[in-house]
Every structure is written in C-alpha cells, then in structure tokens.
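Any read-out appearing in this document is the output of simple, stated calculations on the displayed coordinates, not a laboratory observation. Predicted model only: the values in this text are computed from it and were never measured. Here the Cβ is made from the backbone with ideal geometry for all residues, glycine too, and neighbour counts use every protein chain on show.
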C-alpha cells in the first residue's frame, strides 16, 4: 500500500470517527428535544440558542464528576467494560459504504474505509462483541442490579442476534454477496430491499431495537426494576462512555438499516440526469444521511411511544415469533429465487 | 343497576383477532398519536422570564394590611395564631403611644409579628379568623429559597404591606375598598389571552 493511500484512509477514518461522535453527541440532544416534543414540552433551551450547546454542557459535567470505583469491584474489568463498549461501537463504521467514490486530482477515493467481502459478517462479529462491554462492566461492579442488568443484556442480545442473522440471510440470498457495498449497488440496480423483503425488514428492525437496548427492549437498564442496570455503579466519564456507546450504536444500526434495506447511498434516478460522478457521490452521502437521520428519529419516536416489554414477553417474541418468521422468510425467498430466478 | 356516568363498558374475554395479536396496527396507532403531539403547541411556560398567572383563589405569602390612611390594621388579638393549625404565627402585643396614632389603627398593636414559613401550610385560616381584615395571603411571590432556616421566620419587615406607590399599586395587595385580590382583572385578561392563543 503506497503512502498516499494510507494517508487517504487515515483521513477517512478520522472523518468518519468525528462525524459519528458528533452525531452521537447531538443524538443525546435530539433525544431530549424530541422526547419533550412528544410530551408537549420544549426541552433543553438554556445552553445557547435552542439549547444547542447542551451536549457540551452534559459532556463537560460528566468529565468533571467524581470518579467512583467501588472497593469490591474488579478494577481492571471495571475500566475495561465501558472502554470495550465504546470501542466496539466505533468499530462497526469501518465497513459501511458512505458513498461510491470521489475523484480528487485524478485519483479515485473510495468512500468506504474497508470494502471487505464479508462486510455484514464483520458487523455481526463486532456487534456481538458489544455485549461484552456491558457484561464485563456489570459483572465487575460487584452489584446485584448491575449483574442482573448484564445478564439481561447478554441473553437479550444473544436471542435477537439469531433472528437478526436469519433475516439477513434472505438479503444475502438475493444480492449474492456479503459485502455491504455490493448490497448497496444491487439495490441501486434493482429495487430497494425493503420492497423485496418487507418481512425481513420488520424482523431486522425489531432486532435492531433489541440489539441497541432501546425501548421497548431497554430491559438491561430499566430504572424501575434495576436502578440503572449494568451501569448502576458507574460514574463520571465511564458512565458517559456507556451512554455514548448506546447512541453510537443507534447511529450505526440506522446506517446498517439504511444500507441493507433502503439502498444505502443510492437514490432513485441517480444515473438519469447525467450528473458528474463526484456530484452523484456527494448527493449519495446526503441521501444516506437523510435515511440515517430518519431511522434515528424512528428509534426515538418508538421509544417515546411504546412501553417496555416484560422479560418473558421479550424472550417469547425473540424465540417463538421472530426466529420462526425469519426461517419462513428464508424458505419463501429461496422458493421465489428458484422459480423466478 | 343504573349507570351513573354512562362510561361503563361491558367487559368481554373474547380472544384477540390476528391483527390485534401481531400488535403492529396498535403500535402504528400509538405512533400516530405521539407524532400528533410532536407538532402540537407546547404547554411549557419559560419560568423566570414568563410567570404563570395565579388563579383568583391562590393563597400566597401573607400580607399584613394597612388601612386607607396607611395605618396597620392588626390589633394583636392573637386569633390568627390561635386558628393556625401549623402553629406558625407568634406575636407580641404592645400598647399604642399617643404619638403613634398615624401608625396603628387600634389602641393595641403587634410590635413583633412572626410567621414561620417552613411551618405554614398556606391554609388561609388566619385570613378567615382575622376580625380586623389585617392579614391576607395575597402576596403572589414564590417563597424565595434560602440556605438558613432562620431566614424563613418572616417578621414585620417582610410581612407588612408596603407604602402605597405612585398610582395606588402596592406590592402584595391594593387598598381594601377595591378588589383586594390585586391584579384580578390583569389575571383574567392574561388567561383570556392564553385561551385565545390556543
């Protein structure tokens, strides 16, 4: 790999990193704002115009709060937990295709950090590692509530990962590739996957809610039963990392949903107006982010609408409803592919 | 039995239909309700800048009234202290000197009059008990916070009605022969504006 290419990749990584951190930061603001709008309130409006600097104030507050590590906690693992949660949340963005490519000074710059041919499997691997952050953090706190929250998080994520994986198999069968950029291209050439796979999309969406521990599946941190869940004992920026990781996860899963089911960076009639490649790429990024923001909004919309599941209902939904449905979806897709071609 | 409210519903235990069992229509219905609220007019009142109007019957902080000639009405009879269920009121009575006739209306007055605002439950029984129309709970100031409990014992310096302002407006209440709930008309018009803006 020549030096220029390495430099470009590093720039891209830094850019994606800062963008996803920025979006996660403002997701916390958006969450509070939207929550209050849904409840006929106006939300934070004191820090700057319309409360725009509220995330900075929140972040600053978390930084300067007292750092408490319980004496009975396993210090190493206690610190490892939130770090791991943050790390895995940030790692997923590497394989998401943010656009096709931009030509700068006669060199093609791909807008994807790593176009690995097993993209979606990589996403799955990293996402399933994400639960280790919560589990280790919850276990190391040496607290009943934290442990219960961690156990809930683990069993919930494992249960829903199965249905999620199965729903994606149908997508893979259609596109014939595990690479996320191939999937986006396929949808650009054919149809958006949500049209071909409505049931699969629904299953994936529900599982995405469960995987990110968002309402109505936010049992690992449900205040009414478990105080704070797995992060009960955490304070200061370690707590901030856990909360922040949740919002990064939300952003990334929105990006994955947009890429898998809503055409990623492709948009209708993208090749019909004779626009230059750079123009198409930039418009593609804009469209992708519009889709992502819609799904982030959907995450919040659902959170402030639906009450939390009971734990047995959660397990029943995962194992007895979603997994069989996903399998039926695979079989049905297979039959259609066999006869239609 | 005859239904009183016409709101009673017959309860059945019929099993749910398919559309009810998949929950999605219900969820979508719920989400349309919430998205409607998203665009609704917000009810928040931005407090320090905009203050909510108090109702006509609001019971605020106490005001020791003065009469039309600016003399204190209280005669230190102690009925308010007696009627107070929280035992928040104490006072010391004193005889009026001949040269104090312009300060106190009755021959006996309260030289010390203290209400412990931490004990007070704002029931308004003192107001009802007072035979001289001297105490009213009409000061619509939110009780200010303090770090010291001692500062919540309000003496005459805080309780007695301030001297009449230039246009007859006073803090904590107007002259008694007018509507003693000060700013009553003001409140009503403000509420009307609020109703109109909805």
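Here are the numbers:
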read-out	value
Helical mean residue ellipticity (222 nm; -39500 (n - 2.57) per DSSP H run of 4+; nearest 500) of chain A	-22500 deg cm²/dmol
Whole-number Å³ per residue for the convex hull built on Cα positions in region B:31-89	201
Distance from region B:60-85 to region A:90-153 (C-alpha centre basis), Å	71
Listed residues A:300, A:275, A:134, most fluctuating in chain A (Gaussian network, C-alpha, under 10 Å)	A:275
For region B:8-61, Kirkwood radius (reciprocal of mean inverse C-alpha pair distance, Å)	16.3
On Cα atoms only, tilt of A:323-340 relative to the major axis of chain A in degrees	0
Value of relative contact order over chain A, rounded to a whole percent, pairs C-alpha under 8 Å and six or more apart	23
Span per principal axis, largest first, for the Cα atoms of region B:1-107 (Å)	91, 46, 23
Listed residues A:250, A:129, A:164, most fluctuating in chain A (Gaussian network, C-alpha, under 10 Å)	A:129
Angle between chain A longest axis and helix A:3-38 axis [Cα atoms, degrees, rounded to 10]	60
Cα centroid separation - region A:314-334 against region B:15-43, whole Å	24
GNM result for chain A, Cα springs below 10 Å: residue of A:145, A:293, A:105 fluctuating most strongly	A:105
Unit Cα scatterers, Debye sum, region A:64-340: log10 I(q)/I(0) for q = 0.09, 0.14 Å⁻¹	-0.45, -0.99
Part-to-part distance (alpha-carbon centres) for region A:39-77 and region A:218-286, which is given in Å	20
Degrees, to the nearest 10: A:180-189 long Cα axis against longest axis of chain A	50
Net length gained if the chain between residue A:124 and residue A:142 were fully extended (0.36 nm per residue, minus Cα distance)	3.6 nm
Efficiency of FRET from Cβ geometry, residue B:86 and residue B:108, R₀ 25 Å, rounded to 0.05	0.50
Difference of contour (0.36 nm per residue) and Cα-Cα distance, residue A:66 to residue A:191	39.7 nm
Approximate shape of the protein assembly as shown as ellipsoid semi-axes (Cα gyration tensor, √5λ), whole Å, largest first	64, 27, 25
